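The values are calculated or read from the model by the stated rules, or taken from the named source; none is laboratory data. Remember, it's a predicted structure, so these values are computed and weren't measured experimentally. Don't worry about glycine lacking a Cβ; one is built from the backbone with ideal geometry, like all the others, and counts go over all protein chains shown. Keep in mind that these areas ignore ligands, DNA and RNA; they rest on the heavy atoms of the full protein, side chains included. Shrake-Rupley method; radii C 1.70, N 1.55, O 1.52, S 1.80 Å.
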Amino acid sequence: MSEQPYIPLHDGRSIPQVGLGVWQTPDDVAVSAVQAAVEAGYRHVDTAAVYENERGVGEGLRAADVSRGDVFVTTKLWNANQGYDATLAAFDESLKRLGVEYVDLYLIHWPAPHRNLYLDTWRAFVRLKEEGRAKSIGVSNFEAEHLDRIIGETGVAPVLNQIELHPRFQQKALREAHAERGIVTQSWSPLGQGTVLQDPVIAAIAAKHDRTPAQVIIRWHLDNNLVVIPKSVTPGRIVENFDVFGFRLDEDDLNRIAKLDAADGRIGPNPMTATF
Ligand code: NAD
């Protein structure tokens, strides 16, 4: 297996390009999934306060034979805790649950524009970065106007924006906006929550390369310079989803997948109108 790639962040750090997603994974299952992932070679886990499994993730990392400095841990601030002071308090709680002294990446989970607190929240993130307790700071589900507001007001750009992105929802305009601002794009629901696995174009490309549909989709994210966090709790799939460094898609494959982008491809909430 070729070595796993890392993507540079604008703050001088770097992030493993493939991580394990753990949404909808209870604490006890997170322990075994994280342990299986580290054993398979993953060095990056993506959790969030609202997933209610930070404890399990921390336990899984301690159970696995990996030193803290070799693994990249991301967690996210939930919307109800936005605001300067509330953010600092919620961050402390996340560290406690994870059982770590710092996180590698802290994300604002949603801009929640109806709350109008993401700017104050970002100011608290800048402080956490200065204190070294969040090694890098970023956002999730931000649109270009939200990015420009926090950058304009604080002079600090998020290192990445984690957004819904898969072959049926390719986010070309937002990816372009990220590139212009030096922000890395990270794909959530990279397999479309499993729905894109059945696509006949993906199946044909998988057969051509003697790979699985999941591997082809994850490879598509890698070939597009995206950071990708597929979720599975099944050991065999965890291994399969990480065995993606020994092949590449060709131009014809990439052109065919580019055509799967659909106007109605979004699965999750729209960040502009979500009211949670
Ligand atoms: P996903 O696109 O990763 O799909 C996961 C599902 O695909 C699994 O539950 C399983 O049913 C199937 N699957 C996975 N590997 C497979 C394989 N090899 N073969 C067959 N089926 C397979 O879905 P997701 O969990 O929604 O997204 C991944 C991660 O992104 C989450 O766990 C979470 O960490 C993150 N996320 C973030 C946000 C956000 O708002 N920031 C929102 C959703 C998800």
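Okay, here's what the table says:
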quantity: Residue satisfying all of: in the range 176-206; of a type in the set (Ser, Thr, Tyr) and surrounded by 16 or more Cβ atoms within 10 Å (Cβ to Cβ); farthest from the ligand (Cβ to nearest atom) among these; calculated: Thr185
quantity: Single residue of the range 153-175 satisfying the filter (in a helix (DSSP H, G or I) and farther than 20 Å from Ala263 by Cα) that is least open to solvent (accessible area, probe 1.4 Å); calculated: Thr154
quantity: Extreme residue, farthest from the ligand (Cβ to nearest atom), among residues of the range 11-61 that are open to solvent by 10 Å² or more (accessible area, probe 1.4 Å) and of a type in the set (Phe, Trp, Tyr); calculated: Tyr51
quantity: The lone exception for Asn225 - which of (1) in contact with a strand residue (DSSP E or B) (Cβ under 8 Å, 6 or more places away or on another chain); (2) within 10 Å of the ligand (Cβ to nearest atom); (3) of a type in the set (S, T, N, Q) it fails; calculated: (2)
quantity: Whichever residue in the range 207-250 is among the small types (Gly, Ala, Ser) and in contact (Cβ under 8 Å) with a residue 60 or more places away in the chain and, among such residues, is least open to solvent (accessible area, probe 1.4 Å); calculated: Ser232
quantity: Cβ-Cβ under 8 Å pairs, at least 6 apart or on other chains, the range 93-104 side without any contact (Cβ under 8 Å) to a residue 40 or more places away in the chain, far side open to solvent by 20 Å² or more (accessible area, probe 1.4 Å) and assigned to a strand (DSSP E or B); calculated: Tyr102/Lys135; Val103/Lys135
quantity: Filter pass, Asp65 being loosely packed, with under 15 Cβ neighbours inside 10 Å and over 18 Å from the mean Cα position of the chain (by Cα); calculated: yes
quantity: Scope the range 102-117; condition closer than 17 Å to Thr74 by Cα and open to solvent by less than 40 Å² (accessible area, probe 1.4 Å); matching residues; calculated: Val103, Asp104, Leu105, Tyr106, Leu107, Ile108, His109, Trp110
